[in-house]
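The numbers here are math on the coordinates, done by the rules we state, and not lab data. For clarity, every value in this text was computed on a predicted model and none was experimentally measured. So basically every Cβ, Gly included, is an ideal-geometry build from the backbone, and we count neighbours across all protein chains shown.
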Amino acid sequence: MAGYIEFQNVSKFYKMGGQRISALDDMNFEIAKGEFCVIVGPSGAGKTTLLNILGGMDRCDEGRVYLDGREIGGLDTRGLTEYRRYDVGFVFQFYNLVQNLTALENVELASEICRDPLDCRAVLREVGLEDRMDNFPAQLSGGEQQRVAIARALAKNPKVLLCDEPTGALDYSTGKTILQLLHDTCRRFGKTVIVITHNQAIVPMADKVISVKNGKAVRVEINNDPEPIERIEW
Amino acid sequence: MTRRSIRGSLSRFLSILSIIALGAGFLAGLISSTPDMQKTADKYFVSHNAYDYDITGTLGLTAGDIKAISGLSEVDKVMPVYKRDMTVENYADKEKYTVRMTAFDFAARNSDDFINRSDLLKGRYPEKDNECVLEISNIYTSNHKLGEELTISKDDRDYDEIRGDFKYKKFRVVGIVRTPMFISAHGEVTTAGDGSVMLGVYVRKQACKASVYTDAYVTLTGADKLSRFSDDYSDLVSSDKTVLKDLGRERSSIRSREVIGRAQQKVDKVEKKYQKKKAETSSQLADAAYKINAGKQKLNSSEDKIKASEAALKEQSSSVDAKEDQLDALDKKLAAGQAYVDQLKQLRDSGAALTEEQTAAVEAYDSGMAQLSAGRTAIASARSRISAAYKKLAKAQAAIDSSRAELAAQESKYLQARAKAEKSFAGAEKKLRDAQDEVDKIKNAKWYLNSFEDSVGFSNYKSDVDKVSAVAKVFPVFFFLVAVLVALTTMTRLIDEERELIGTLKSLGYSRRKIMQYYMSYALEASAGGCVIGMALGFPLFPKIIGNAYTMMYDLPATETEFIWKYAVVIGLVMIISILGTTYLACARTLRERPAMLLLPEAPSPGKRILLERIGPLWRRLSFTRKVTCRNLFRYKKRFLMTIIGVAGCFALLITGFGVRDSIGDIVHKQYDELFHYDFTVEVTNDKWTAKDKTLADTLGNKDLVKSYISYFSDKAHTEDTKGKDMDINVISPQNDAAFTDFVTLRSRSTGKNVPFGRNSAVINEKAAESIGAKTGDKVKFTLSSDKSITVKITGITENYVASYLYLGDNVYSAPNHRHLMVKMAKGADNDKVMEKLLDSSRVSYVVSTEYVKSNFADSVKSINYIVIVLIVCAGALAVIVLYNLTNVNICERKKELATIKVLGFFDREVSAYIFREINMLAGIGILFGVPVGIWLHKFVIRTVEVNSVMFGQNIEWPSYLYAAGLTVLFTIFVNLIMRRKIKDIDMVESMKAND
């Protein structure tokens, strides 16, 4: 199966002072449709840059990036916005909910602008927030907030769910349930889920693990038998 | 560190700086406008040695008077002049002007003692006696040029007197000057011409032939050290008035005695001469009469004698007749005896002797015969004697008759002479009586003390300047407050944003003082910098703009501005202290928290349901994004309020600006198109013109020129206003009460209903009614110019904007004359032509064209546009800065939120809309709030700037609301455009950040 998502010789440079630093250096990998993929690496390995490019927030300087057969590396600003709008669901480390909107409204905020959104209430029910739809973020726990964020990303019905350290701000058990939720989402909705993290511990649950180091995908492992979340501990 | 922090958020620093600069500058500028304008004027008055009093002597001022005045210790300098208000004509443009002609000693114009020194603006000073320089009270509306010639008009009531006082009647304009005597476009009050002097004409002293001065300009000791706008000056002027008044009384009685004595002497001399001549003539006449009488008596006595002689003759003749009768009887007797005697004789002759008897008979007969004949002779002689006497008598009678005729001729001559003499005596006596009357009529001399303070020019300027200060109190204070609030929000925001930094510094062991110092110095730099920039611009800029706007109405040098330290320090201190104070509070609040807490992001203010959500049907109807907007609006209350205050203020300023233009532009249209329907007012010297003045009657009867006219009585009355001040009002009493409302619409401004006018009506205009505190039904006392007082019951109050009017019906006041006319032009007739035709009549003393008055007035209110522009610019600056600041804060505070929705795939347009919808909605709400504020502000401004006799419209026309709203929207859009960039530049990476 050809890669649903493909990075081909992607490089990204930053200028710092007079020096050119490459954040991504000739990176190559593929992710298949419906895969639960974990991109893992230490700080400064280029994870954020990778995320930015994959999330349509930034462009690469060299190489090509494909999603579902479409080249996104060469999109203009508007194209990138459309890409983010229709193709990517984003889950942030700090949830990034709009404080002034209820859980439901936060989900609606995203679904408003999509072509083919899912029913917001249904999605919220799906993530287990049936009773908290009308609560404001401040009234929700961290885990609940992250659920809202996942629901918000899901409701857009995107091609890929991009999660940036989704458990980073959560305690251990809550983090686990969130990962479970993401995993379930991947399986039940058939979504491609990409989790970017520095936490090696969650690697076993992934279908594919891409290890990043110094701007390169140093290792791509396919895990044919991912371990259930409950069994993973860190 | 501060420096770096400033550079790091330059736009924020600049926005604090600029709002402070705007607030401080505007406040400083407007507050200093009044003192600057006053100082400029004062400086001008002092440097030009402006008078404090103008003393006018009704019988002139003599050298003695001048000496007496200068002898007063209260008086600094005296300059006597010959001054006369008169009408002059310019043949070239056929215009008549009421001018004040003053004869000066130009040679002394630079000496210290010269009062009312002039600035030569154009041309040169007069070198010949038939040259003059002009002073134009409003150079912007004048079309006077060098080289034009002004001729003393024969129309002037006192033409002969005036003409006699000047060497020439025609003066050529060789220069244009400016003096402190005429500073207002309103002109000075006079009794000559049309009642208002707009033009000063200055000629050489030598051009004047008058023997005494009319006026003395006086400066008071110590006055040059006082501002003429100060109460001290008023006090000085009024305390010195008593002294001058006392001197005036004393000198006036001397002058009266002098003038009256001299006149009396003249009359007495003439009378003496007359009496002498009368005596002479009378005695001559008496002589003649005596002679005639003597002649008459003599003649009479002669006649009497003749008559006596005649009577004697008659007697004699009758006695002769008697004798003759006797003789005739004798004759008859003899004749009867004759025959017998004859017989006897024959007998005797015959010799017969006769008897004795017969002889006796014959003898008797013969003696009888002899006796008869003798008798007859005697009678004849007597008769001839008598007839001779008769003849003599007749001759005497004829002589008498001729003498008598002669005498009669003499007598008639005498009578004629006497009648003539008597007539001439009567004439002479009447002349003498008249002359005496004239002398008796000479009013005792009186000094009029016209203070500089009370001159129309200065008093108007003073009150206008006061108005500026009243306006200055409201606007900039409002600006100042907004500026402080905006600066505060921004500072608070800065501290909130940097709580992490504060936390870090604190945890690193920096003392609270040190950290505080950093923020305080940031605030200090922003506020002090803003104050310096603002005041550096505000002090010179605003007074200049405002002063120059007023200069349109006044002939004064351009306003000089200065940096007023007193204000600068106060404004600066208040500004800096309030900003430092709140910075301190915000900082202290943050610093109180433990460093650990500070390192954590401040808990975002939680979302809240808003009231609107409880109105289900309405809430459900709103689109999702609108719901978000609504909720956000109420989430940030401080910002919400600030924006609304800012926008409301901007909108209010704009409404005020446009409204002021409406109100003032309005009155020209309302007064001269809606209320006054006549095209001309005409004054005729005498109200019997209908019969006598064919020229005027023809013009008025010409249907091609004149549609209709009405005659009325006009007078200037005065009454007391509620403050006890004298207030002038024009009294108009039409001859035909019923037709009057065709010429002047009387209506109530509030209801628009017509105010009825009839024989029993007394209608007063609104502003005057307000000034004297009169309501319909009140009785008000007015004093007419003849000093006669009338008390009228007000029957109605009418809309009126320019000047004050009291309209009286016939029964309320029976006018002594109706020698004024309101004339309506025929449709399509030419204004100038009709005017010319009306002026053709020699009985017309003046014609005023409504069109002319209207355009003049319209010109003079044009300066208001400057104020409108100032207001618009300020409002714009206010709106832009407030909106910019708040939007900036809004965006900074919600950077992460915005970055997030960007990541969610919102287009830039949608992200902008997400923020701008709030701002626009706030702007909309601000506009709504601005409406009442604007209406109030407009009313306040109008009330403040209203001149006594003028009432400005109170209406704001709906286009003004549109303009104001349009501009506010434009300013908002402008800010949106600036901010759009900023939103676009928000990095999506922000969304990944933890803090906030």
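Tabulated data for the structure shown
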item: Radius of gyration, Dmax [the range B:395-488; alpha carbons; angstrom]; result: 43.3, 144
item: Nearest-20 debye value, the protein assembly as shown charge dipole, Cβ charges on Lys, Arg, Asp, Glu; result: 1280
item: Gyration tensor (Cα) of chain A, equivalent ellipsoid semi-axes in angstrom; result: 28, 20, 17
item: Cβ-derived FRET efficiency at R0 45 Å, A:D61 paired with B:S507, nearest 0.05; result: 0.70
item: Estimated dipole of the range B:75-220 in Debye, rounded to 20 [Cβ of Lys and Arg +1, of Asp and Glu -1, Cα centre]; result: 380
item: Average beta carbon contacts from partner chains per residue of B:904-914, 10 Å cutoff; result: 5
item: Fewest-first ranking of B:S256, B:S623, using other Cβ atoms within 10 Å as the exposure measure; result: B:S623, B:S256
item: Average other protein chain Cβ within 10 Å of Cβ, residues B:892-900; result: 3
item: Positive-pole candidate from B:L313, B:V931, B:L591, dipole of chain B, charges at beta carbon; result: B:L591
item: Mean shadow area of the protein assembly as shown, taken as a quarter of the surface of its Cα convex hull (nm²); result: 86.1
item: In Hz, Karplus ³J(HN,Hα) per residue of the range B:19-31 (6.51, -1.76, 1.60; θ = phi - 60°; x = Gly, Pro); result: 5, 5, 4, 5, x, 5, x, 5, 4, 4, x, 6, 5
item: Extension gain from B:R383 to B:T791, taking 0.36 nm per residue of separation minus the Cα-Cα distance; result: 136.5 nm
item: Taking the C-alpha atoms of the range B:238-314, convex hull volume expressed per residue in Å³; result: 78
item: Debye log10 I(q)/I(0) for the range B:227-355, one point scatterer per Cα, at q = 0.21, 0.22 Å⁻¹; result: -1.16, -1.18
item: Among the listed pairs A:K156/B:K637; B:K266/B:K430; B:K703/B:K753, those beyond 21 Å (Cα-Cα); result: A:K156/B:K637; B:K703/B:K753
item: Inter-part distance where the range A:108-184 and the range B:69-111 are each reduced to a Cα centre, Å; result: 94
item: Cα-based Rg of the range B:739-813 normalised by 2.2 N^0.38 Å, two decimals; result: 1.04
item: 10 Å beta-carbon shell around B:T219, net charge (K/R +1, D/E -1); result: -3
item: MRE, 222 nm, helices only [DSSP H, n ≥ 4, -39500 (n - 2.57), over the protein assembly as shown, to nearest 500]; result: -18500 deg cm²/dmol
item: Placed amide H near B:L746: partners under 5 Å, 5+ positions off or other chain; result: B:V755
item: Dipole of the protein assembly as shown, positive direction: furthest Cα of B:A396, B:V570, B:N760, with charges on the beta-carbon; result: B:V570
item: Packing rank of B:541-550, B:646-655, where each peptide gets the mean count of other beta carbons within 10 Å, highest leading; result: B:646-655, B:541-550
item: DSSP bridge pairs, the protein assembly as shown: antiparallel proportion in percent, nearest 5; result: 75
item: Listed residue pairs exceeding 19 Å between alpha carbons, taken from B:K39/B:K225; B:K128/B:K167; B:K723/B:K939; A:K33/A:K176; result: B:K723/B:K939; A:K33/A:K176
item: Inter-label distance, nm, simple model (7 Å from Cα along the C-beta direction), A:S173/A:S141; result: 0.8
item: More than 16 angstrom apart: percent of Cα pairs within the range A:56-143; result: 62
item: Computed lengthening from B:A370 to B:L347, 0.36 nm per intervening residue step minus Cα-Cα distance; result: 6.2 nm
item: Spin-label model distance (nm) - B:Y159 vs B:E683, 7 Å beyond Cα toward Cβ; result: 1.6
item: Of B:V844, B:Y807, B:T900, farthest towards positive along the dipole that unit charges on Lys, Arg, Asp, Glu beta carbons give the range B:778-913; result: B:Y807
item: Inter-label distance, nm, simple model (7 Å from Cα along the C-beta direction), B:E310/B:E357; result: 5.5
item: Cα-based Kirkwood hydrodynamic radius, chain B, one decimal, Å; result: 38.2
item: Residue-averaged beta-carbon neighbours from other chains (10 angstrom radius) around A:101-114; result: 4
item: Positive minus negative residues near B:I379 (Lys, Arg vs Asp, Glu; Cβ under 12 Å); result: -1
item: Amide H contacts under 5 Å for B:S845, placed H, 5+ residues apart; result: B:E683, B:V684, B:T685
item: For q = 0.23 Å⁻¹, Debye-computed log10 I/I(0) when each Cα of the range B:888-963 counts as one equal scatterer; result: -1.03
